[in-house]
Amino acid sequence: MANQWLKARQTKYAAYAATYILVVLAAVVLVNVLSDRFHKSYDATSNKQYSLSGQTTKIVKSLKQPATITYFDQSTRFRDGKDLLDEYAGLSPKVKVEYVDPDKNPQAAREAGIRNLGTAVVQIGAKKEEAKSMTEEGVTGAFIRDLKSSTRTVCFVSGSGEHQIDDSNREGLSRFKDLLSKDNYESKTINLLQTADVPGDCTTLVVAGPTRNYEQPEVDAIKKYVEGGGRALLTLDAPLKAGRSGIADNDALASVLQGWGVTLNKDLILDLNPIGQLVGVGPTVALVTQYESQPIVSEMKGTATGFPLSRSLEVKSTDKTSVQKLFDSSSSSLATTNLSSSAVNVNDPKNKKGPLTIAAAGSYNTGKENSQGRFVVVGSSSWLDNGFIDFNGNNDLALNTINWLSSDEDLISIRPKEREDRRITMTRAQLGWVRATSQFLLPGIVVIAGIAVWWKRR
């Protein structure tokens, strides 16, 4: 009887075990099937390093026709590109990813002009573009080049002490030029004194911090260009007079901007927020963390930007223009009109209290259909140079500005993120403390706790 009960009990346990095993196997199979069909992942990095950026998401989800990404590599190395490319395929059903081994299908590789393994080609319609690198930046750049049919040129004015696009020093704009090329913009330098007219192939004109006064023909050329439907970014620093090389007032150009509804104040913004010291900048760099709803900055909430040696602006719309401020300095900032001395009295009653407008964007009504002029005025130019454009969100703001001026609003977003250096640098004393803690203190606590438990049980 007991033997039969034991057998019955064993049978019951065996049935339970078999049921549990079948349930676990079914769950494992279901998870594998779902993971194969649906690409889902969780990015736990602080800056979402392994997630596609907002710009990529916007571009891919707005596709109006199918896109094919073809990855060329050896079959055993397809996994090198699969993780990234599956992210694109997961954004839209219009995106298809194909994998080609050039050794097994040399004809396809030859037709695509593939010279190196590990290369992706993006095709939208009849257009094909090779990704410059197997990164989000490279693949998204190929999407952008496919979608943009015409060449867009950003023209930088030179001849009056502006920042130069071919200068790789701290005050140059070579880094900005590289960023523009990734959004498929060409860059070139023009001299308005030589032609007194903005060339017709300029999609956008950039005035990058002139230190000397523009002559009247230059000013007239800029005015004619914008009022005729052109697009311009004008960055004009505070007219400082201290030091060996001062910055000219540029009154003629300021007068044109005032006619468009943007008044350049002859002052210098000082940001007294102590957070500036924590991020390594002084009071002459105005920090911005809050933005208006204008398309250039609407997606920059939670991103900080910095503007060295900035002046304040006053904005208002006119009968021909519609002007909107982009952002202000912090409430802890002030503006001084003492521009001829490096010593500033922060308690001077003549100082203007913040927040103070630093940048504005406007549209000019030309009276012609589909021919609207656009302009952006920023009271600082150094935020674009090599020494500062990589400060937090400055590069995003710079590209967003060019996108809006060029009517490329679909590109406005936060760009692919560069990898952060998360290494910890410690002093010799800190290293000694970490070593002592890990080798002696923590093991000692465990030993003492063990002895205490043993003694209590004894």
Open item on the list: Looking only at residues that are among the β-branched types (Val, Ile, Thr) and in a strand (DSSP E or B) in segment 324-368, which one is nearest to LEU405 (Cα to Cα)?
Closed with: ILE358
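Yes/no per residue for (1) touching a helix residue (DSSP H, G or I) at 6+ places or on another chain (Cβ under 7 Å); (2) in a loop (DSSP other than H, G, I, E, B); (3) at pLDDT below 85:
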{"position": "LYS12", "(1), (2), (3)": "no, no, yes"}
{"position": "TYR16", "(1), (2), (3)": "no, no, yes"}
{"position": "TYR20", "(1), (2), (3)": "no, no, yes"}
{"position": "LEU25", "(1), (2), (3)": "no, no, no"}
{"position": "VAL33", "(1), (2), (3)": "no, no, yes"}
{"position": "HIS39", "(1), (2), (3)": "yes, yes, yes"}
{"position": "ALA44", "(1), (2), (3)": "no, yes, yes"}
TODO: Given the conditions (1) touching a Leu at 6+ places or on another chain (Cβ under 7 Å); (2) modelled with pLDDT of 95 or more; (3) surrounded by fewer than 19 Cβ atoms within 10 Å (Cβ to Cβ), report the number of the one that SER174 does not fulfil.
DONE: (1)
Task: Failed item in (1) outside any strand (DSSP E or B); (2) among the basic types (Lys, Arg); (3) not assigned by TED's automatic domain parsing to the domain that holds GLU215, with ARG175 passing the rest - done: (3)
TODO: Please determine, by comparing only the residues of segment 184-197 that are under 27 Å from LEU309 (Cβ atoms) and out of contact with any Cys (no Cβ under 7 Å at 6 or more places or on another chain), which one is surrounded by the most Cβ atoms within 10 Å (Cβ to Cβ).
DONE: LEU192
Task: Set LEU253, LEU240, LEU234: member being assigned to a helix (DSSP H, G or I) and either surrounded by 20 or more Cβ atoms within 10 Å (Cβ to Cβ) or in contact (Cβ under 8 Å) with a residue 60 or more places away in the chain (or both) - done: LEU253
Open item on the list: When the residues of segment 152-171 are narrowed to those that are in contact with a Cys (Cβ under 9 Å, 6 or more places away or on another chain) and among the β-branched types (Val, Ile, Thr), which ends up surrounded by the most Cβ atoms within 10 Å (Cβ to Cβ)?
Closed with: VAL154
- [ ] List every residue pair whose Cβ atoms lie under 6 Å apart, where the two residues are 6 or more positions apart in sequence or sit on different chains, the first residue falls within segment 62-89 and is without any contact (Cβ under 8 Å) to a residue 40 or more places away in the chain and in the same structural domain as VAL139 (by TED's automatic domain parsing), and the second residue, located anywhere, is surrounded by fewer than 21 Cβ atoms within 10 Å (Cβ to Cβ) and part of a strand (DSSP E or B).
- [x] PHE78/TYR99
Open item on the list: Between LYS7, LYS96, which is surrounded by 10 or more Cβ atoms within 10 Å (Cβ to Cβ), at pLDDT below 85 and among the basic types (Lys, Arg)?
Closed with: LYS7
Open item on the list: Restricting to segment 138-151, give me the number of residues that are surrounded by fewer than 17 Cβ atoms within 10 Å (Cβ to Cβ) and touching a residue at least 24 places away in the same chain (Cβ under 8 Å).
Closed with: 1
TODO: Would you mind listing the helices (runs of 4 or more DSSP H) fully within segment 71-166 where at least 1 residues are of a type in the set (Phe, Trp, Tyr)?
DONE: 79-89, 136-147
Open item on the list: All but one of (1) in contact with a strand residue (DSSP E or B) (Cβ under 8 Å, 6 or more places away or on another chain); (2) within 17 Å of LEU356 (Cβ to Cβ); (3) touching a residue at least 24 places away in the same chain (Cβ under 8 Å) hold for GLN294; state the number of the condition that does not hold.
Closed with: (2)
- [ ] Sort through LEU236, LEU287 and tell me the only one that's modelled with pLDDT of 90 or more, within 21 Å of TYR225 (Cβ to Cβ) and in contact with a helix residue (DSSP H, G or I) (Cβ under 8 Å, 6 or more places away or on another chain).
- [x] LEU236
Task: Filtered residue count, segment 369-411, keeping only those that are of a type outside the set (A, V, I, L, M, F, W, C), farther than 22 Å from ARG152 by Cα and either assigned to a helix (DSSP H, G or I) or free of Cβ contacts under 8 Å to residues at least 24 places away in the same chain (or both) - done: 1
Open item on the list: Given the condition of a type in the set (A, V, I, L, M, F, W, C), at pLDDT 90 or above, surrounded by 19 or more Cβ atoms within 10 Å (Cβ to Cβ) and not assigned by TED's automatic domain parsing to the domain that holds VAL60, answer yes or no: does some residue in segment 124-132 qualify?
Closed with: no
TODO: Within segment 212-231, work out how many residues are surrounded by fewer than 19 Cβ atoms within 10 Å (Cβ to Cβ), in contact with a Leu (Cβ under 9 Å, 6 or more places away or on another chain) and part of a loop (DSSP other than H, G, I, E, B).
DONE: 2
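The values are calculated or read from the model by the stated rules, or taken from the named source; none is laboratory data. Because the structure is predicted, anything quoted here is derived from the model rather than measured. Don't worry about glycine lacking a Cβ; one is built from the backbone with ideal geometry, like all the others, and counts go over all protein chains shown.
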